[in-house]
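Down below is the structure, laid out as structure tokens.
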Amino acid sequence: MAERRSRPRGAARREMILDVALKSFAENGFHGSSIADIAALCGLSQPGLLHHFPSKAALLAAVLEYRDRIDAQRLEWSDAPRGLDALRRLARLVDHNAHVPGLVQLFTVVTGESVTADHPAHQWATTRYHRLEADLAQALSHGVADGAIRPGTDTRGLARQVFAMMDGLQLQWLLDPDNVDMPGLFRSYIETVIAAIAA
């Protein structure tokens with residue numbers, strides 16, 4: 001009975017730690033955040049936090065997986081979008097991201113730091129870009145096969161451009177949120193892309 005009661009409490013505590021760590025990594029980066037500070041903000045001792053996440057790198061990995069899970073749910077990627085619908089879903093994701101600046105900041109800060117090979121998130125960032133580009137390229141290739149997208153479209157190159165635009169706009173928006181209409185600009189870009197590649 002006690003074991004059954006402790007599981008939900010443990011899950012809730014993990015969620016609280018992830019939420020606090022997400023904010024800390026977003027505001028201070030990986031190197032500027034400490035396990036001791038995150039533990040204190042959670043009302044835990046450092047060993048208490050390490051009981052749930054054995055190292056700062058493990059905590060960062062869990063936070064990044066949490067963020068990716070949120071994005072996957074927003075994209076509804078599990079039902080494998082085809083063709084132009086994949087681009088429209090990305091525009092809806094950017095609309096959503098405008099309401100969760102902490103998640104966008106976390107991604108931007110950690111991705112920027114992860115360009116060095118010894119950063120704990122380096123492999124995550126590299127793998128993530130490869131996976132996202134491959135998924136979008138495949139969805140666009142389905143659109144070519146279905147006749148919705150013009151034959152000869154460089155789907156891999158286009159996927160790379162789309163994510164470059166998304167990430168660049170996120171950075172500009174974080175620096176100047178009052179003057180950068182991230183969702184509007186990205187939606188306009190996607191409409192231009194669709195007009196250019198639609199069969």
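The values are calculated or read from the model by the stated rules, or taken from the named source; none is laboratory data. This one's a predicted model, so the numbers in the text were calculated from it and none came from an experiment. Please note: Cβ atoms are built from the backbone with ideal geometry, for glycine as well, and neighbour counts cover all protein chains shown. Ligands, DNA and RNA are stripped out before the accessible areas are found, and what is left, the full protein with its side chains, is counted by its heavy atoms. Shrake-Rupley method; radii C 1.70, N 1.55, O 1.52, S 1.80 Å.
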Margin query: Return the residues of segment 117-154 that are assigned to a loop (DSSP other than H, G, I, E, B), within 22 Å of LYS23 (Cα to Cα) and not hydrophobic (A, V, I, L, M, F, W, C); say none if nothing qualifies.
Written below: HIS119, PRO120
Next item on the list: Say whether the condition of being open to solvent by less than 30 Å² (accessible area, probe 1.4 Å), more than 18 Å from ALA195 (Cβ to Cβ) and of a type in the set (Val, Ile, Thr) is met by at least one residue in segment 152-165.
Entry: no
Next item on the list: Identify the residue in segment 93-116 that is part of a helix (DSSP H, G or I) and modelled with pLDDT of 90 or more and, among all such residues, is surrounded by the most Cβ atoms within 10 Å (Cβ to Cβ).
Entry: VAL94
Margin query: Can you pull out every residue in segment 175-199 that is touching a residue at least 60 places away in the same chain (Cβ under 8 Å), more than 25 Å from SER141 (Cβ to Cβ) and either open to solvent by 40 Å² or more (accessible area, probe 1.4 Å) or in a loop (DSSP other than H, G, I, E, B) (or both)?
Written below: PRO177
Check: From the residues in segment 62-92 that are within 17 Å of LEU169 (Cα to Cα) and basic (Lys, Arg), which one is surrounded by the most Cβ atoms within 10 Å (Cβ to Cβ)?
Finding: ARG89
Note to self: open to solvent by less than 30 Å² (accessible area, probe 1.4 Å) and either at pLDDT 85 or above or under 18 Å from the mean Cα position of the chain (by Cα) (or both): is that true of LEU59 in this structure?
What the structure shows: yes
